[in-house]
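Structure record follows, encoded as structure tokens.
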Amino acid sequence: MFADSYFGRSASLGFVTARLLNLRPTPVAGAEDQKSAPLPPASATATGAAIAPLITTEYDTKQSPSSGGSSDERRKSAAAAAEAEAAAALALQEDKTDGDAIIAITQSIIDTKRLSSARAATIRQTLEAAIGCMRRIQRFAERLERTRSIRFSTANPSHETQLLRLWSLVRGPDVRLSARNSSDWGELGFQGTDPATDFRGMGVLGLDQLCEFHIRYPTTAHGIWQDTQFHPKNWFGYAITGLNLTHDLFTCLYPKRVATPSLIPNVMRSVLARFIITHGITQNTFTALYALYFVRLNALWTKINPRMFESDK
């Protein structure tokens, strides 16, 4: 499938990353006086407020079956926000637990570099903050990896429920599947009659991320899906592209998954790290970054129409 080969490697996001390099962090009041202070995990509310303007698209003026207007979807969104707040609280607690280790690593760097007492006093807090951020990103990537390592199983009721939830989020509650295994899944952009086969690389993480996209940014997500169905210049498979985006973003955050490091993933990794540290190392931020890539990827695809490079057969 063209979409699979086109988006299936981390380098495939390089072009979009170049556009994201133009993103500017949202200014924080008093930031000039806090450059060396540790960065606390951002709250779900703060993260959403800071990132939302970056994901504003033409779709925000449209209504869709999964527009988030129902009380059920509002409840789900509130629950997701509560989960993000809990994750941020957990990260803060982990920071306290890591405190002694961070102090020890900082002192080791100071000793190795043979810094003077005056120089060490000015750089210590900055070093501790930087090491804390790196440790926080590492822990977050490890949590994503644990979810990714869970293989999607048709025998697991929770996995099947989440899959059907995705169908409802994309197609709306009034459109029903003709059968569990059917060509209907092609409408969502899966490659076969059973979506389970497409989750092999990203496991449950890939499915969860597609659902999160529709829960947090319903009009944007639905608008992109509609483009893949009806736009005269858009033909990529929606779901399989979303899975590949999850793969590429995750791979950049979790370099242990990269067999052969290259320049593009390293550049992307620095962009992702800056974005996540700026907006908070939470699931909300990861989903927002996923949404940003999907929006810009869709816009670029619409503009340059890669299909024109395919030979007519």
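Using C-alpha pairs under 8 Å with a sequence gap of at least 6, the mean separation divided by the residue count of region 83-192 gives a relative contact order of 16 percent.
Counted by neighbouring Cβ atoms within 10 Å, the residues Arg124, Arg114 run from fewest to most as Arg114, Arg124. Looking at region 133-212, the trypsin sites (Lys or Arg not before Pro) that sit in a DSSP loop and have at most 13 other Cβ atoms within 10 Å of their own Cβ are Arg151, Arg176, Arg200.
Placing a pseudo-label 7 Å from each Cα along the Cα-to-Cβ vector at Thr197 and Ser178 gives an inter-label distance of 1.8 nm. Extension gain, Ala155 to Arg139: 0.36 nm times the residue separation minus the Cα-Cα distance gives 2.8 nm.
State the extension gain, in nm to one decimal, for the chain segment bounded by Ser116 and Phe230, taking 0.36 nm per residue of separation less the distance between their alpha-carbons.
Values: separation 114, 0.36 × 114 = 41.04 nm, distance 6.51 nm.
Extending this stretch completely gives an extra 34.5 nm.
Simple rule: put +1 on each Lys or Arg Cβ and -1 on each Asp or Glu Cβ in region 94-137, find the dipole, and look at Ile137, Ala101, Ala118; the Cα lying farthest toward the positive end is Ala118. Coupling constants for region 119-125 follow from the phi torsions by the Karplus curve (6.51 cos²θ - 1.76 cosθ + 1.60, θ = phi - 60°), and in residue order they are 5, 4, 5, 7, 9, 4, 5 Hz; glycine and proline get x.
Could you put Cys252, Cys133 in order, starting from the residue whose Cβ has the fewest other Cβ atoms within 10 Å? Kindly include the intermediate steps, with their values, before the conclusion.
On the way: Cys252 24, Cys133 17.
Ascending number of Cβ neighbours within 10 Å: Cys133, Cys252.
Each of Met202, Met134 was scored by other Cβ atoms within 10 Å of its Cβ. Arranged with the fewest first, they read Met134, Met202.
Computed from the coordinates by the stated procedures, all read-outs in this text should not be read as laboratory data. Just so it is clear, the structure is predicted and the values come from calculations on it, not from any experiment. Neighbour counts run over all protein chains shown; Cβ positions are idealised from the backbone, glycine included.
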